[in-house]
Amino acid sequence: MAAITRFSKPSAISHVRRCLYSSSAVAAESNQHAPSPFGDYKITRRNPSERNVQWVFLGSPGVGKGTYASRLSNLLGVPHIATGDLVREELASSGPIAKQLTEIVNQGKLVSDEIIISLLSKRLKAGEAKGESGFILDGFPRTINQAEILKGVTDIDLVVNLRLPESVLIEKCLGRRICGQCGKNFNVASIDVKGQNGSPAICMAPLLPPSSCMSKLVTRSDDTEEVVKERLRIYNEKSQPLEDYYRNQGKLMEFNLPGGIPESWPKLLEALNLDEFDERQSVAA
Ligand code: ADP
């Protein structure tokens, strides 16, 4: 896996880092009193000038965190770690906690910190053993408590908050499909929201699968209208406070998605100061 310093434009990330390092020192002092659910585990840090990015993606269900986090992870050569995927892997494994998790996930509720941190630390430790030193986290932290716990383990560089209007989020969740064979995500929803009250119009073409995936599409069991509304309610209650939490630390970058991938991806790269990276040089994570 390539370190970020190998890229043709190293100043791009160091620009983001420079903005953030002053607040990082404050963050490192957190959680000195409470025992961490991660135990003694600390994410190994190289020399900060060399370490790979440690970013967090925030955003409501359906906003596209997974899509953009995964694209950036390929571009930057760091793994994309989505706690929702870790939960779904655990469900598929039929392990001892699978039954309990199925009920929670299908009601749109949050899994306990204990379980989620156990899944995440297992994934981080396995990655570290393979030489991973950076990551893009998607779906964690989801509460202030999880953010405090994470702060005791490492010092996040940047938090990207993706935003879309709520009506679009529901349509996008209901249109989400996954290929049961290759695992790729698609979306059959065609979004066409008129601009009103000063907010811009949003058009998103469906992200359709190739014909080889078409007959294998599945819908996530928690992507029903009732469960999506409950997940959005829980997000607003428990996860939205994270925006202020990271804003106060100078780590939050807000990004209103202007449309689908063709419009949003170049603008996101520009906002991250990565727009001059040559994507052909990107390294598969
Ligand atoms: P969403 O589309 O709602 O963002 P995810 O794929 O991120 O969905 O997560 C699916 C489910 O996994 C969540 O509804 C929740 O039950 C569980 N989950 C994922 N991450 C966390 C977390 N950090 N804390 C608690 N539960 C989580």
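Structure data summary
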| read-out | value |
| --- | --- |
| Out-of-range pairs (alpha-carbon distance over 22 Å; input Lys125/Lys238; Lys125/Lys151; Lys151/Lys172; Lys151/Lys251; Lys216/Lys267; Lys122/Lys172) | Lys125/Lys238; Lys151/Lys172; Lys216/Lys267; Lys122/Lys172 |
| Highest-first arrangement of 123-132, 75-84, 240-249, 191-200, where packing means the average Cβ count within 10 Å | 75-84, 240-249, 123-132, 191-200 |
| Simple label model, 7 Å out from Cα along Cβ direction - Glu270 to Glu103, nm | 5.0 |
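Readers should treat all values here as calculations from the given coordinates under stated rules, not as data from a laboratory. As the structure is a prediction and not an experimental result, all values here were calculated from the model. Note: ideal-geometry Cβ built from the backbone for every residue, glycine included; neighbour counts use all protein chains shown.
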